[in-house]
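Chemist: Please read through the structure below; I'll follow up with questions.
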Amino acid sequence: MNRHDTIINLDELEFHEWSSGERFGGRMGEIAQAVGASKLGYNLTVVPAGKRAFPHHHHHAIEEMFLVLEGSGEIRIGEDRFPIRQGDVINCPTGGPETAHQIINTMDEGDLKYLAVSNVAYPNVCQYPDSGKTLVSHYWNNADEEEQSLRFILREGEGQVDYWDGED
């Protein structure tokens with residue numbers, strides 16, 4: 001039986017992997033692109049034991065939702081930390097530093113897996129309270145329907161910096 005091109009099974013995802021220093025690492029399988037989504041972004045993120053996938057951050061235009069599929073850990077929201085486990089649904093609204101969030105795998109072994117869902121809104125401004133950075137990104141199609149992009153990360157008084165700068 002053939003499948004519709006808007007359907008993909010999680011075991012069919014192609015993952016890309018990253019790491020930075022001792023604290024950050026993970027794998028991500030892009031779902032939205034694979035099924036042709038344009039108004040929502042979604043991916044499967046896998047975080048190894050003791051790691052966090054991304055720096056503590058908050059968005060001004062993008063709201064995120066996470067569904068923990070496997071494992072446990074904690075989420076930082078603002079200045080606080082809360083335990084999370086399989087089955088938890090987490091809303092991360094737009095806003096300032098009080099909405100900043102970061103998911104951490106606190107297990108000694110095993111992966112923390114979660115489905116991430118967000119609206120697609122550009123331009124997007126994302127700020128990183130731990131390192132004082134601001135990311136600005138914008139994606140659009142030109143008249144020939146070719147994807148164009150603009151993305152830069154700044155720290156006040158320093159100009160452009162690397163994504164991982166000041167996070168480890």
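Chemist: Can you pull out the residues in the stretch 152-168 that are in a strand (DSSP E or B), closer than 26 Å to R52 by Cβ and open to solvent by less than 40 Å² (accessible area, probe 1.4 Å)?
Modeler: I153, R155
Chemist: How many residues are in contact with a Pro (Cβ under 8 Å, 6 or more places away or on another chain) and open to solvent by less than 10 Å² (accessible area, probe 1.4 Å) if we restrict to the stretch 99-111?
Modeler: 3
Chemist: Output yes when any residue across the stretch 13-25 is without any contact (Cβ under 8 Å) to a residue 12 or more places away in the chain and part of a helix (DSSP H, G or I), and no when none is.
Modeler: No, the stretch 13-25 contains no residue that is without any contact (Cβ under 8 Å) to a residue 12 or more places away in the chain and part of a helix (DSSP H, G or I).
Chemist: I'd like the residue in the stretch 132-151 that is modelled with pLDDT of 95 or more and farther than 15 Å from T94 by Cα and, out of all such residues, is least open to solvent (accessible area, probe 1.4 Å).
Modeler: Per the criteria, the residue is K133.
Chemist: How many residues are part of a loop (DSSP other than H, G, I, E, B) and either within 17 Å of F24 (Cβ to Cβ) or touching a residue at least 40 places away in the same chain (Cβ under 8 Å) (or both) if we restrict to the stretch 69-125?
Modeler: The total comes to 13.
Chemist: Assess whether S137 counts as being part of a strand (DSSP E or B) and of a type in the set (S, T, N, Q).
Modeler: Considered against the rule, which asks whether it is part of a strand (DSSP E or B) and of a type in the set (S, T, N, Q), S137 comes out as yes.
Chemist: Follow-up. Just one of F66, F54 is assigned to a loop (DSSP other than H, G, I, E, B) and surrounded by 15 or more Cβ atoms within 10 Å (Cβ to Cβ); which is it?
Modeler: Being assigned to a loop (DSSP other than H, G, I, E, B) and surrounded by 15 or more Cβ atoms within 10 Å (Cβ to Cβ) holds for just one of F66, F54, which is F54.
Chemist: Which of the residues that make up the stretch 26-36 are touching a strand residue (DSSP E or B) at 6+ places or on another chain (Cβ under 6 Å) and outside any strand (DSSP E or B)?
Modeler: Hits for the stretch 26-36 are I31, A32.
Chemist: In the stretch 37-51, is there at least one residue being assigned to a strand (DSSP E or B), among the polar types (S, T, N, Q), open to solvent by 20 Å² or more (accessible area, probe 1.4 Å) and closer than 25 Å to L135 by Cβ?
Modeler: yes
The values are calculated or read from the model by the stated rules, or taken from the named source; none is laboratory data. As the structure is a prediction and not an experimental result, all values here were calculated from the model. Positions of Cβ are backbone-derived with ideal geometry, glycine not excepted, and every protein chain shown enters the neighbour counts. With ligands, DNA and RNA removed, areas are computed over all heavy atoms of the protein, side chains included. Shrake-Rupley method; radii C 1.70, N 1.55, O 1.52, S 1.80 Å.
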